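Notes follow once the structure below has been shown.
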Ligand SMILES: O=C(CO)COP(=O)(O)O
């Protein structure tokens, strides 16, 4: 499965802790991340991550493009709901595309834990039988 990891600045520590705790599950999958998030997670874990641009420089849109190509299976995006982001339209667009393409999306750690445990139990296997467009 292809999993995207993204966190706004005030949530990056949370995502790093999450990635450490769930490294065993995450390492079985192909991981993608926005630039700084991916850097932080790779520094703290042994995970290999394909990094895109930083979010404000287009990273959310790059991950959105994968979703639009039906080429992303899960998005873990620890948003900061208390801080305005200069690229808020990109954030909204990414979340919208998850809904358009039925991609499981967690925007906080509580939901992310459930998604990864569900992934491990096979609850996301339906993604693999969907026709990929590329
Ligand atoms: O801004 C982001 C998501 O909207 C995250 O980008 P970085 O991982 O580069 O900080």
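Just so you know, all these numbers are worked out from the coordinates, no wet-lab data involved. Keep in mind it's a predicted model, so treat the numbers as computed, not measured. Here the Cβ is made from the backbone with ideal geometry for all residues, glycine too, and neighbour counts use every protein chain on show.
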Roughly speaking, what is the centre-to-centre gap between the stretch 80-134 and the stretch 6-20 when only Cα atoms are used, to the nearest Å? 15
Among 19, 106, 65, the residue with the largest mean-square fluctuation in a Gaussian network model of the chain built from Cα contacts under 10 Å is 65
Report the Cα-based extents of the chain along its three principal axes, largest first, to the nearest Å. 37, 29, 24
Peptide ranges 54-63, 41-50 listed from the most packed, as the mean C-beta count within 10 angstrom indicates: 54-63, 41-50
Each label point is 7 Å from the Cα along the Cα-to-Cβ direction; what then is the distance between the points at residue 30 and residue 99, in nm? 2.8
